[in-house]
Amino acid sequence: MRQWLDFGAVALGAAMLLMVPGAASAQRKGGEVIVGIVQAPPSLDAHVTTAQAARNVTLHIYETLYARDENAKPVPELAEGVKISDDGKTYVFPVRQGVKFHNGKELDANDVVASLERYRKIGASAPLLSAVDSVRATGPREVTITLKDVQSTFLDNLSSPRAPIAIYPAEEASKPANQINYIGTGPFRFVEYKPDSHVKIERFDGYVPNPNAKGRDGLAGKKEVFLDSVTFRFMPEAGARNAALEAGEVQLLETVDGPTAKRLQNDKKFVVYKVLPFAFQVIKFNHAQPPANDVSFRLAVQAALDMEEVMAISYPDIYQMDGAWLYPGAAFHTKANTEKYNQADLAAAKGLLAKSGYKGEKLTFIVDNLRANTDTATVVQQRLKDIGINVELSVADWPTVSKIGFTPTGWNFWAHGYGIEPYEGPASVMAPWVNGTSQQKKDEKIDQLYAALTTTMDEGKRKQIFADFQKHMYNNAVALKAGNYGLFQVASAKLKNFEPSRIPRMWGVWLEQN
């Protein structure tokens with residue numbers, strides 16, 4: 001479940017299989033696949049929603065100038081590449097030739113310009129393009145983007161899947177939010193959307209794959225479709241999803257719980273996939289309220305917590321101990337200051353607490369009613385009791401908790417998932433702490449590091465900047481990372497060549513026919 005800023009991302013390069021599906025059967029076209037997903041997408045206008053449920057569908061229908069490969073690196077998709085000026089402010093994108101929209105129109109520079117301009121106005125993550133000064137068609141198949149200032153993360157931003165900067169036909173891009181026809185350049189075309197039931201898409205036989213792609217590669221790469229159609233069925237109740245899979249009514253489940261995964265992994269009719277990491281578990285402090293405005297108090301909590309206990313109870317079947325603020329395998333992943341992760345040192349914690357201004361007052365830990373988050377809060381509550389910190393849990397639904405958590409009053413601690421940001425990269429990890437957004441008090445050091453990261457083009461220097469950010473997070477216990485957690489996906493053994501990913505990719509797979 002995505003939380004906070006639509007948490008729920010997966011590090012593509014780290015996806016692992018419990019069982020590797022046999023690929024002995026020949027690739028063949030045909031077949032209809034039904035995918036059980038947890039909730040309905042709020043919209044199929046990719047520009048206007050950050051919901052995971054929407055991405056599950058829209059990233060099959062639409063494409064972007066740049067996308068993310070298996071290791072979350074930006075790579076060309078509808079663009080052939082990019083030429084960046086020496087001053088780092090001008091990006092020239094040649095647009096691939098011969099790409100067709102689902103309505104038969106050929107993609108050109110005007111479609112790209114119109115789509116980017118629409119996103120700047122109404123995009124759910126419009127700040128991704130906030131550095132843009134102008135977007136122009138400088139040729140029939142050439143787009144030139146000029147930035148106001150150097151932004152080293154610009155290609156990262158263009159390729160973000162959070163609320164994808166999808167390229168629409170210009171005539172659709174002229175329309176308001178949620179009033180478009182669902183026309184893209186992707187390997188599947190839209191068929192129907194019934195909000196209380198399903199979305200159906202079908203193979204687009206006019207699809208023009210990226211000629212430079214070698215094979216399936218994250219959210220980019222070669223997108224070869226064998227299936228006739230895919231239906232995403234909205235199934236919020238876990239028992240109903242599991243029953244539909246076992247009855248053969250559904251061929252893939254977006255997620256199952258640990259006990260179900262264990263039960264099905266020995267059944268030859270199914271393949272169980274282990275996707276790890278999927279997100280961080282994060283414990284936040286409200287720096288605007290005492291005692292968490294005192295660094296000694298925050299350091300005491302950091303020293304006290306046994307993060308393995310937190311993860312083993314909250315995510316008993318699938319977790320990973322890692323103190324870095326990016327996923328393993330990410331280009332900027334660093335061990336900087338991770339010796340301060342998972343200290344579980346009550347004596348040191350008591351010493352730090354004694355230096356703080358805490359006087360035994362009751363503190364409020366807000367948490368939504370997702371079981372894993374309440375488990376985390378409960379473990380933290382009990383552990384902090386051992387050093388003399390009095391914590392009271394305040395449990396509510398996600399909208400209520402998230403509204404409180406972005407205000408400076410009414411809470412002291414907050415635990416939730418943090419998923420897509422570590423997938424997107426260092427700037428996305430840092431951004432929620434800029435201007436004190438998440439901790440409710442401005443941190444000049446973080447603001448300085450973020451500004452340096454986003455204006456420095458040299459990758460080596462940027463890696464050091466992110467390492468300095470991670471050091472600062474630990475030295476000041478700005479917030480605490482408990483660990484990485486994952487999820488299980490289950491497919492029918494008849495669904496061949498499926499690989500777990502950020503979304504249930506339905507390209508590159510085929511259905512074994514009886």
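Based on the mean of other beta carbon atoms within 10 Å per residue, what is the order of 157-166, 381-390, 492-501, most packed first? All intermediate terms of the calculation are to be shown ahead of the outcome.
Numbers: 157-166: 25.2, 381-390: 16.4, 492-501: 19.3.
Result, highest mean Cβ count within 10 Å first: 157-166, 492-501, 381-390.
If each DSSP helix of 4+ residues adds -39,500 (n - 2.57) and the sum is divided by the residues in the chain, what number results at 222 nm, nearest 500 deg cm²/dmol? All intermediate terms of the calculation are to be shown ahead of the outcome.
Details: 15 runs with 139 residues, N = 514.
The helix-only estimate for the chain comes to -7500 deg cm²/dmol at 222 nm.
Determine the dipole magnitude for the range 195-305: charges of +1 sit on the beta-carbon of Lys and Arg, -1 on that of Asp and Glu, nothing else is charged, the reference point is the Cα centre, and the result goes in debye to the nearest 20. Walk me through the intermediate numbers first.
On the way: 15 positive and 13 negative charges, 82 e Å.
Dipole magnitude for the range 195-305 comes out near 400 debye.
Determine the sum of side-chain charges near residue 233: Lys and Arg each +1, Asp and Glu each -1, restricted to other residues whose C-beta is under 13 angstrom from that of residue 233.
Values: positive: 194, 200, 241; negative: 32, 192, 196, 237, 249, 254.
Residues near residue 233 contribute -3 overall.
Once the convex hull of the C-alpha atoms of the range 243-350 is built, how many Å³ does it hold per residue, rounded to a whole number?
Details: hull volume 17.1 nm³, N = 108.
Measuring per residue, one finds 158 Å³ for the Cα hull of the range 243-350.
Going down the table (335/461; 83/461; 268/494), which pairs top 19 Å between alpha carbons? Mind showing how you got there, number by number?
Details: 335/461 16 Å; 83/461 22 Å; 268/494 10 Å.
Pairs exceeding 19 Å: 83/461.
Just going by the charge dipole of the range 357-514, with Lys and Arg at +1 and Asp and Glu at -1 on Cβ, which of 357, 425, 483 is farthest out on the positive end?
After comparing all options, I get 483.
Among DSSP beta bridges whose residues both lie in the chain, state the antiparallel percentage, nearest 5. Don't skip to the end; give the middle numbers.
Working: 58 of 75 bridges.
Antiparallel bridges: around 75 percent, rounded to the nearest 5.
Protein chains only, probe 1.4 Å: how do 371, 189 rank by accessible area, largest first?
Values: 371 180, 189 80 Å².
Correct descending sequence by accessible area is 371, 189.
Viscosity 1.002 mPa s, temperature 20 °C: Stokes-Einstein D of the range 330-390 from its Kirkwood Cα radius, in µm² per second?
Values: Rh = 14.0 Å.
The calculation lands on 153 µm²/s.
How would 193, 485 rank on accessible area, largest to smallest, probe 1.4 Å? Show your work: numbers first, answer last.
Details: 193 55, 485 25 Å².
Greatest to least solvent exposure: 193, 485.
Just to confirm a number: summing +1 for Lys and Arg and -1 for Asp and Glu over residues other than residue 437 whose beta-carbon lies under 13 angstrom from that of residue 437, what do you get? Display every interim value, and only then the final one.
Values: positive: 284, 441, 442; negative: 421, 443, 447.
Here the charged neighbours net out to 0.
Take the Cα atoms of the range 391-514, find their three principal axes, and give me the spread along each one in whole Å, biggest first.
Principal extents (Cα only, largest first): 63, 45, 20 Å.
Dividing the alpha-carbon radius of gyration of the range 142-291 by 2.2 N^0.38 Å (N being the number of residues), what value is obtained?
Working: Rg = 20.8 Å, N = 150, 2.2 N^0.38 = 14.8 Å.
After normalising by residue count via 2.2 N^0.38 Å, the value is 1.41.
Please list 398, 414 from largest to smallest accessible area, probe radius 1.4 Å, with all protein chains kept in place. Intermediate results must be reported in sequence, preceding the final value.
Details: 398 55, 414 0 Å².
Listed by decreasing accessible area, they come as 398, 414.
Hey, what's the Kirkwood Rh for the chain if you take every pair of different alpha carbons, in angstrom? Provide the component values of the computation, followed by the final result.
Working: mean 1/r = 0.0419 Å⁻¹.
Answer for the chain: a Kirkwood hydrodynamic radius of 23.9 Å.
At a Förster distance of 30 Å, what's the computed FRET efficiency of residue 406 paired with residue 121, Cβ-Cβ distance as r, to 0.05?
Values: r = 24 Å, r/R0 = 0.80.
For residue 406 and residue 121, the calculated efficiency is 0.80.
From the gyration tensor of the Cα coordinates in the range 121-200, what semi-axes in whole Å does the equivalent ellipsoid have, largest first, with each one equal to sqrt(5λ)? The partial results should precede the final answer.
Values: eigenvalues 152, 49, 29 Å².
Values for the range 121-200, descending: 28, 16, 12 Å.
Packing-wise, with mean Cβ within 10 Å as the measure, how do 239-246, 319-326 rank, highest first? The partial results should precede the final answer.
Values: 239-246: 16.9, 319-326: 21.4.
So the order, starting with the most tightly packed, is 319-326, 239-246.
Net charge near residue 426: determine it from the other residues with C-beta under 10 Å of the C-beta of residue 426, scoring Lys and Arg +1 and Asp and Glu -1. Walk me through the intermediate numbers first.
Values: positive: 462, 463; negative: 156, 421, 424.
Value of the local net charge: -1.
Excluding ligands and nucleic acids, what accessible area in Å² is computed for residue 70 using a 1.4 Å probe, to the nearest 10?
Result for residue 70: roughly 40 Å² accessible.
Can you give the accessible area of residue 270, probe radius 1.4 Å, in Å² rounded to 10?
10
How long is the gain from residue 212 to residue 197 if the chain were fully straight, where each residue apart is worth 0.36 nm and the alpha carbon distance is subtracted? Spell out each step's value before the answer.
Values: separation 15, 0.36 × 15 = 5.40 nm, distance 3.76 nm.
Here the answer is 1.6 nm.
Any idea what angle helix 444-455 forms with the longest principal axis of the chain, computed on alpha-carbon atoms, 0 to 90 degrees, nearest 10?
It works out to around 20 degrees.
Placing one identical point scatterer on every Cα of the range 74-163 and ignoring solvent, what is log10 I(q)/I(0) from the Debye formula at q = 0.20, 0.22 Å⁻¹?
Treating every Cα as an identical point scatterer, log10 I(q)/I(0) equals -1.01, -1.22.
Out of all Cα-Cα pairs in the range 286-402, roughly what percent, to the nearest whole number, are more than 21 Å apart? Please report the intermediate quantities before stating the final value.
Numbers: 3074 of 6786 pairs.
Cα-Cα pairs of the range 286-402 separated by over 21 Å account for 45 percent.
Over the chain, average the accessible area per residue using a 1.4 Å probe and give it in Å², no decimals.
Details: 19480 Å² over 514 residues.
Accessible area per residue: 38 Å².
If each residue of separation counts as 0.36 nm, what is the full-extension length gain between residue 451 and residue 395 once their alpha-carbon separation is subtracted?
Values: separation 56, 0.36 × 56 = 20.16 nm, distance 3.60 nm.
Here the segment from residue 451 to residue 395 would lengthen by 16.6 nm.
Obtain the radius of gyration and the Kirkwood radius of the range 336-452 from its C-alpha atoms and give Rg over Rh.
Numbers: Rg = 15.8 Å, Rh = 16.2 Å.
Reported Rg/Rh, Kirkwood definition of Rh: 0.98.
Starting with the highest mean, order 217-225, 459-467, 274-282 by the number of other Cβ atoms within 10 Å, averaged over the residues of each peptide. Kindly include the intermediate steps, with their values, before the conclusion.
On the way: 217-225: 21.1, 459-467: 17.3, 274-282: 24.4.
Those peptides, ordered most packed to least, come out 274-282, 217-225, 459-467.
The values are calculated or read from the model by the stated rules, or taken from the named source; none is laboratory data. As the structure is a prediction and not an experimental result, all values here were calculated from the model. Note that we place each Cβ from the backbone using ideal geometry, even for glycine, and neighbour counts take in every protein chain shown. Ligands, DNA and RNA are excluded from the accessible area calculation, which covers all protein heavy atoms including side chains. Shrake-Rupley method; radii C 1.70, N 1.55, O 1.52, S 1.80 Å.
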